[in-house]
Amino acid sequence: MAGDSGFDEATWQSWLEPFQAVRLLMDAGLEDREHAVNWLKARLRNGDLLAGCKATDIVCEKPMTVSTDCYRIMVRTWANVSAIPWKDDFWISGDFEAQPWNDGFDLHSIEAEEAGLEFERRVARGEVFGFDLQGVRFAPWTIQDFCNRSASALAGQKVAPSKADSAKGGRPPKAYWERLWAAMLAQIHNGVLEPSRQADIERAMHDWLSINGEDGGITAVRARAKLLWEAMQREVEN
């Protein structure tokens with residue numbers, strides 16, 4: 001098996017392991033691991049963040065040979081990356097098994113075939129991630145650029161809150177939500193976003209937030225996507 005001629009082991013070694021990327025993003029100001037993983041997911045999916053892996057190929061013919069090659073991962077691989085939970089160990093280790101094999105299955109049984117077909121259907125629906133991954137690392141420059149810009153922004157915005165603001169109490173709404181609503185409505189009106197389910201709206205929202213350097217969190221985005229999706233369904237019914 002030939003490796004990627006433009007991506008060698010030295011390059012792979014210089015890229016960031018997932019746990020390193022998550023830590024850098026959290027140190028740069030993202031609230032927690034969930035926010036950092038969402039940031040990575042959005043950029044993997046739209047191609048702003050490059051990734052590579054290290055794969056081992058074992059040829060069992062005599063004499064048995066073991067070779068290790070490094071590859072850049074195609075952007076389309078990440079189409080369903082949102083289906084990898086933020087708590088999954090992949091975001092620490094860089095290893096992911098898409099469909100853990102049931103040792104009780106006979107490889108050639110009808111049961112195994114049906115399980116494979118159901119897995120393919122779930123991949124097509126965007127419910128699961130469809131690829132095994134091994135030794136994934138991320139290109140450092142996109143992450144470092146975000147960290148540098150965050151550091152600059154924080155340096156220029158260290159202003160103490162006024163007493164009036166402090167007295168109001170409660171958590172103020174983030175300013176970008178109104179812009180996000182406007183962007184989603186514009187995408188739907190112009191035919192750019194044609195959601196067939198709530199998850200399509202959630203993905204579009206996360207993409208917009210990512211492109212604009214924001215992160216709303218899974219729960220907040222899901223709640224707003226639900227409101228928009230339900231409103232659209234009511235319009236259809238009427």
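Here are the numbers for this structure:
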| quantity | calculated |
| --- | --- |
| Projected label distance in nm at E9 and D95, using a 7 Å step from Cα toward the beta-carbon | 1.8 |
| A51 long-range amide H proximity, modeled H, under 5 Å | I73, A139 |
| V236 accessible area, assembled protein chains, probe 1.4 Å, Å² | 110 |
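The values are calculated or read from the model by the stated rules, or taken from the named source; none is laboratory data. A quick note: this is a predicted structure, and the numbers were derived from the prediction, not measured. Note: ideal-geometry Cβ built from the backbone for every residue, glycine included; neighbour counts use all protein chains shown. When the accessible area is computed, the model is the full protein with side chains, heavy atoms only, and any ligands, DNA or RNA have been set aside. Shrake-Rupley method; radii C 1.70, N 1.55, O 1.52, S 1.80 Å.
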